[in-house]
Amino acid sequence: MNNLEKFRRVKAFVFDVDGVLTDHSIFVFENGQIIRKLNDKDLTALQKATDNKFKVAIISGGSLNGLAPIFKGLGITDIYEKIRDKKAAYDEFKYAHQIDDEQVLYMGDDLPDYTVMRLVGLPVCPKNAAPEIKEITQYMSPFGGGEGCVRDVIEKVLRLKKVWLPK
């Protein structure tokens, strides 16, 4: 099966945060508050995915204090933070929505994503992912983390299903 067919089979998206939805930049203020930068085009694509009834999960090893409300506002209900075992979180998401591995697109960028990416039907990564992730990826976005890579893969799926453009 070619990658185009794999994109066509996607019914669910799973995204890491740092290095995928962000560019790895973390700004820490003197009071300990952490700020991350998101790409508005990625957020628009996430909204389009949920509006079109795709299941979307966010699985992060870090804390999502300021980000969780943004994701919830986009219609994402499966948000996992401070996760050390991403496979357990992925399994919970998959079973809750009765999704098969081959229907899942997972975008990760580093070693904590490796195990889950080997299970899913379409493992993808940003262009600046770790070498080990690039080795197991079936599609590498021409965009880096926080630079539109999430939009890139969501748009491919939604265009193939003819739901990208407004009616």
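Here, each number is a calculation from the coordinates, and none is a lab measurement. Values in this document were obtained by computation on a predicted structure and should not be read as measured data. Glycine also receives a Cβ, built like all others from the backbone with ideal geometry; neighbour counts cover every protein chain displayed.
Side notes on the structure shown:
- FRET efficiency for Lys87 and Asn31, using Cβ-Cβ distance with R0 set to 25 Å, rounded to 0.05: 0.10
- Cα centroid separation, the range 121-167 to the range 66-106 (Å): 17
- In order along the range 115-120, the phi-based Karplus estimate (6.51 cos²θ - 1.76 cosθ + 1.60, θ = phi - 60°) of 3J(HN,Hα) comes to 4, 5, 4, 6, 9, 7 Hz; Gly and Pro are listed as x.
- Taking the C-alpha atoms only, the angle from helix 40-51 to the longest principal axis of the chain is near 50 degrees.
- Residue (of Thr22, Gln98, Leu38) at the positive-pole extreme of the range 3-110, dipole from beta-carbon charges: Gln98
- Ascending count of other beta-carbon atoms within 10 Å, so fewest first, for Tyr95, Tyr106, Tyr114: Tyr95, Tyr114, Tyr106
- By other beta-carbon atoms within 10 Å, ranking Val14, Val28 with the fewest at the front produces Val28, Val14.
- Taking Cα centre as origin and charging only the Cβ of basic (Lys, Arg, +1) and acidic (Asp, Glu, -1) residues, the dipole magnitude of the chain rounds to 780 debye.
- In terms of packing, defined here as the mean over residues of other Cβ atoms within 10 angstrom, the peptides 30-40, 61-71, 145-155, 44-54 line up highest first as 145-155, 44-54, 61-71, 30-40.
- Long-range tail of P(r) for the range 3-160 (Cα pairs > 29 Å, %): 8
- The relative contact order of the range 3-160, computed from alpha carbon pairs under 8 Å that lie at least 6 residues apart in sequence, is 30 percent.
- C-alpha long axis of helix 149-160 to longest principal axis of the chain, angle in °: 20
- Unsatisfied cross-links (Cα-Cα over 19 Å) in the set Lys48/Lys127; Lys55/Lys94; Lys53/Lys82: Lys48/Lys127; Lys53/Lys82
- For Val14, the residues 5 or more places off, or on other chains, whose built amide H falls under 5 Å of its own are Ala57, Leu105, Tyr106, Met107.
- Tyr139, Tyr90 arranged by Cβ crowding within 10 Å, fewest neighbours leading: Tyr139, Tyr90
- For Lys87, the aspartates and glutamates whose Cα falls under 20 Å of its own Cα, not counting residues fewer than eight places away in the same chain, are Asp16, Asp18, Asp78, Asp100, Asp101, Glu102, Asp109, Asp110, Asp113, Glu132, Glu135.
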